[in-house]
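Worksheet: the structure to be examined is printed underneath.
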Amino acid sequence: MKKGIHPENYRLVVFKDMSNDDVFLCKSTAETKDTIEFEGQEYPLIKMEISSTSHPFYTGKVKLVDTAGRVDKFMNKYKKFAK
């Protein structure tokens, strides 16, 4: 590995999946102003919308997205152009 190109400021950071409130602790250089108490100590907090604990690929659960309303709206909007 080349010397001097990797960050030196790794520290323990808590990552929180906001969709299911799972938290995990690992080293990171990500900057944040938020903090959280985890296992009796205070750590910087990074909030995430999705992680491996909530992503459908890893969980096998698919979230249902309401596309019927969007399709109906599209069809009604462009109905006048139909031949």
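Computed from the coordinates by the stated procedures, all read-outs in this text should not be read as laboratory data. In this text, all values refer to a predicted model and were calculated from it rather than measured experimentally. With ideal geometry, Cβ positions are generated from the backbone for all residues, glycine too; neighbour counts draw on all protein chains shown.
Results, tabulated for the structure shown:
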item: For residue 22, distant residues with modelled amide H under 5 Å away; result: 17
item: Interchain or long-range residues, amide H under 5 Å from residue 38's placed H; result: 43
item: Sequence-distant residues sharing a close amide H with residue 46 (under 5 Å, placed H); result: 14, 15, 16
item: Net length gained if the chain between residue 61 and residue 48 were fully extended (0.36 nm per residue, minus Cα distance); result: 2.8 nm
item: Whole-Hz ³J(HN,Hα) from phi, Karplus 6.51 cos²θ - 1.76 cosθ + 1.60, for region 31-38, glycine and proline x; result: 8, 7, 9, 7, 9, 8, 8, 9
item: For peptides 22-33, 2-13, sequence by mean Cβ density within 10 Å, most packed first; result: 22-33, 2-13
